[in-house]
Amino acid sequence: MNRNAKIIATAHYLPERCVTNEELNERFTALGKPEVVGKFAAGTGIEQRWYAPNDWATSDVALPAASRVLEKAGRRPEDVDLIILGTDSPDYITPSTSVVLQHKLGAKRAGTFDVGCACASFPTALANAAGFLATNQHLHTILVVGAYMMRKLADPTDPTVFFYGDGAGAALVEPSADPGFIGASFLADGAYADCWGIYSGGTAEPATVESVTAGRTNVRLVKRYPPEINDEGWPKLFRQLATANNFAVGDVDQVIFTQVNRHSLELAADTIGLPRQKAPMIMAQWGYTGSACIPMALSKCVDEGRINNDDLVVMIGSGVGYNQAAVAFRM
């Protein structure tokens with residue numbers, strides 16, 4: 001049998017607590033920053049986001065999505081050979097969040113590793129899954145998860161907390177004789193690594209009382225992160241992927257972009273020549289779910305019938321650093 005990597009099921013998890021813009025507006029008005037919510041809402045289209053319980057970690061958010069995708073596919077945790085988890089809000093610096101998820105899920109046979117290229121993590125993880133299936137006959141079932149809980153790593157008085165919502169999405173990938181994985185494309189530029197991130201707590205600056213007090217162990221926007229990185233990079237990735245794999249924009253049923261900004265999604269779709277209805281958006285009702293937003297949008301589209309069997313789907317992720325990644329799958 002051919003070892004084409006096929007996505008056989010998708011699922012997502014959205015926490016129960018809805019945090020509206022009105023609630024955040026009360027917080028920031030009390031802090032003397034009444035302009036924050038209105039300004040960000042106008043640019044992004046975000047109306048609300050969802051929070052998991054405060055005593056949860058990212059692995060706890062990933063677990064329901066992982067359990068649901070196995071249930072949808074009729075698989076047991078013991079069937080999983082490999083778990084690839086993408087996040088830039090891990091439970092710990094080390095050990096990996098994927099190994100924590102493996103234990104909580106009960107996937108006792110599975111190996112694991114994390115992908116940590118921010119919001120490009122899920123397309124990167126899917127490309128890895130396809131490569132492993134193509135080159136390792138003993139692997140059969142790979143669980144790919146994107147999970148996000150960045151708001152727990154943010155200063156609650158920082159205006160950028162407006163963006164962050166908790167959530168997770170998952171896909172189960174198995175070998176198939178039918179078409180599945182089509183190809184992947186990648187871009188990066190480390191010159192922007194100092195724009196947005198968590199800059200204390202690693203080896204560059206181990207956490208100290210001073211760095212914690214100064215807020216350097218929180219996620220921070222340090223300087224302008226140019227929107228043209230996405231506005232130009234997403235169409236470039238799409239064209240690279242399409243050219244390398246011999247498809248045209250008219251062949252594509254859906255393109256799922258990182259769900260960070262309504263304007264960026266619309267501009268990218270227009271630049272590519274893609275009808276906007278083929279570029280789904282979830283951030284208005286779910287907030288910016290970072291490493292999880294692409295699998296969450298994928299799962300939502302499948303559940304709603306916007307993505308069906310044999311559809312050609314492109315996923316384009318863009319994360320701080322910056323990292324960008326695109327994959328194409330025949331569903």
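The values are calculated or read from the model by the stated rules, or taken from the named source; none is laboratory data. If you're wondering where the values come from, they're calculated on a predicted model, not measured in any experiment. FYI the Cβ positions are ideal-geometry reconstructions off the backbone, even for glycines, and counts take in every protein chain you see.
Values computed for the structure shown
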| read-out | value |
| --- | --- |
| Test: residue in the stretch 235-258 that is polar (S, T, N, Q) and under 30 Å from L24 (Cα atoms) | yes |
| Filtered residue count, the stretch 160-198, keeping only those that are touching an Asp or Glu at 6+ places or on another chain (Cβ under 9 Å) and either more than 19 Å from I142 (Cβ to Cβ) or part of a helix (DSSP H, G or I) (or both) | 3 |
| Qualifying positions in the stretch 258-294 - more than 25 Å from V145 (Cα to Cα) and among the polar types (S, T, N, Q) | T271, Q277 |
| Matching entry among T94, T87, T44, T10 (being out of contact with any Pro (no Cβ under 6 Å at 6 or more places or on another chain), among the β-branched types (V, I, T) and modelled with pLDDT under 95) | T44 |
| One residue from R49, R76 being buried (at least 21 other Cβ atoms within 10 Å of the Cβ) and on the phi < 0 side of the Ramachandran plot | R49 |
| For A207: the one exception among (1) surrounded by fewer than 18 Cβ atoms within 10 Å (Cβ to Cβ); (2) outside any loop (DSSP other than H, G, I, E, B) | (2) |
| Residues satisfying the stated conditions in the stretch 195-231, i.e. at pLDDT below 95 and acidic (D, E) | E228, D231 |
| Test: A11 is within 30 Å of A170 (Cα to Cα) and crowded, with 18+ Cβ neighbours inside 10 Å | yes |
| Selection count where residues are under 16 Å from the mean Cα position of the chain (by Cα) and either surrounded by 24 or more Cβ atoms within 10 Å (Cβ to Cβ) or assigned by TED's automatic domain parsing to the domain that holds G319 (or both), scope the stretch 80-107 | 9 |
| Count of residues meeting criterion [farther than 12 Å from F162 by Cα, out of contact with any Gly (no Cβ under 7 Å at 6 or more places or on another chain) and either part of a strand (DSSP E or B) or among the basic types (K, R) (or both)] in the stretch 13-32 | 2 |
| Matching entry among G197, G215, G201, G167 (being surrounded by 21 or more Cβ atoms within 10 Å (Cβ to Cβ) and either under 22 Å from the mean Cα position of the chain (by Cα) or farther than 30 Å from A248 by Cα (or both)) | G167 |
| Test: residue in the stretch 118-131 that is at negative phi and either assigned to a loop (DSSP other than H, G, I, E, B) or in contact with a Leu (Cβ under 6 Å, 6 or more places away or on another chain) (or both) | no |
| Filtered residues of the stretch 137-150 (kept if of a type outside the set (A, V, I, L, M, F, W, C) and either buried (at least 24 other Cβ atoms within 10 Å of the Cβ) or closer than 22 Å to G106 by Cβ (or both)) | H138, H140, T141, G146, Y148 |
| Residue ID - surrounded by the most Cβ atoms within 10 Å (Cβ to Cβ), chosen from residues in the stretch 175-191 that are over 18 Å from D311 (Cβ atoms) and not hydrophobic (A, V, I, L, M, F, W, C) | S185 |
| Criterion (out of contact with any helix residue (DSSP H, G or I) (no Cβ under 9 Å at 6 or more places or on another chain), in a helix (DSSP H, G or I) and more than 28 Å from G233 (Cα to Cα)) met by exactly one of K72, K104 | K72 |
| Count of the stretch 285-331 residues which are out of contact with any Phe, Trp or Tyr (no Cβ under 8 Å at 6 or more places or on another chain) and at pLDDT below 95 | 1 |
| Test: residue in the stretch 54-63 that is of a type in the set (A, V, I, L, M), in contact with a Ser or Thr (Cβ under 9 Å, 6 or more places away or on another chain), assigned to a loop (DSSP other than H, G, I, E, B) and not assigned by TED's automatic domain parsing to the domain that holds V314 | yes |
